[in-house]
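Comments concern the structure below.
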Amino acid sequence: MELLLASGIGLLAAVGIFLMLRARTFDVVLGLTLLSYAVNLFIFATGRLSIGKAPLIAPGVEPSLSNYADPLPQALVLTAIVIGFAMTAVLLVLAVRGYADHGTDQVDAREPRA
């Protein structure tokens, strides 16, 4: 399972970086989104995923990480998802505006059309 998760994170990061190096705005936005998904999975995986463990401290149970799920990575990923969604929305608006102004979504040093 660890190999599958690591491979998935690596694949998402590689495709995200590849798309970010393209010269089209939509590819850059998609690459940033995939890269943020890879980072979110990495943060979530560092939290020692545990099944059937309580997230809150209960009376009579020793308060250690072997008995409970770590809520910090889950909170960090949830916050990163919200921020990533807002960032993607802003980048899409900028990409659409750039396409409307220049008539193309190429990212290069061309003069804008008159």
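Determine if segment 91-111 includes at least one residue that is closer than 27 Å to LEU3 by Cα and in contact with a Phe, Trp or Tyr (Cβ under 8 Å, 6 or more places away or on another chain).
no
Every residue in segment 78-114 that is modelled with pLDDT under 90 and closer than 30 Å to LYS53 by Cβ, please.
Passing the criteria: none in range.
Just checking, does segment 37-47 include any residue being in a loop (DSSP other than H, G, I, E, B) and either surrounded by 14 or more Cβ atoms within 10 Å (Cβ to Cβ) or without any contact (Cβ under 8 Å) to a residue 24 or more places away in the chain (or both)?
yes
Based on what the data block shows, is ARG22 modelled with pLDDT of 85 or more, assigned to a loop (DSSP other than H, G, I, E, B), over 12 Å from the mean Cα position of the chain (by Cα) and not small (Gly, Ala, Ser)?
In short, yes.
Name the single residue, out of those in segment 38-55 being modelled with pLDDT under 75 and hydrophobic (A, V, I, L, M, F, W, C), that is farthest from LEU12 (Cα to Cα).
So, considering only residues that are modelled with pLDDT under 75 and hydrophobic (A, V, I, L, M, F, W, C), the one farthest from LEU12 (Cα to Cα) is ALA54.
Checking ALA69 against (1) more than 13 Å from the chain's Cα centre (by Cα); (2) exposed (fewer than 13 other Cβ atoms within 10 Å of the Cβ), which test does it fail?
(2)
When you scan segment 67-89, do you find a residue that is farther than 29 Å from GLY10 by Cβ, free of Cβ contacts under 8 Å to residues at least 40 places away in the same chain and outside any helix (DSSP H, G or I), even just one?
yes
If you check every pair at least six apart or on different chains, which have Cβ atoms under 6 Å apart with a residue in segment 1-14 that is surrounded by 13 or more Cβ atoms within 10 Å (Cβ to Cβ) first and a residue that is part of a helix (DSSP H, G or I) second?
Correct list of pairs: LEU5/ALA45; ILE9/ALA38; ILE9/LEU41; ILE9/PHE42; LEU12/LEU34; LEU12/TYR37; LEU12/ALA38; ALA13/ALA38.
The values are calculated or read from the model by the stated rules, or taken from the named source; none is laboratory data. Keep in mind the model is a prediction, meaning the values are calculated, not measured. Backbone-built Cβ (ideal geometry, glycine too); neighbour counts: all protein chains shown.
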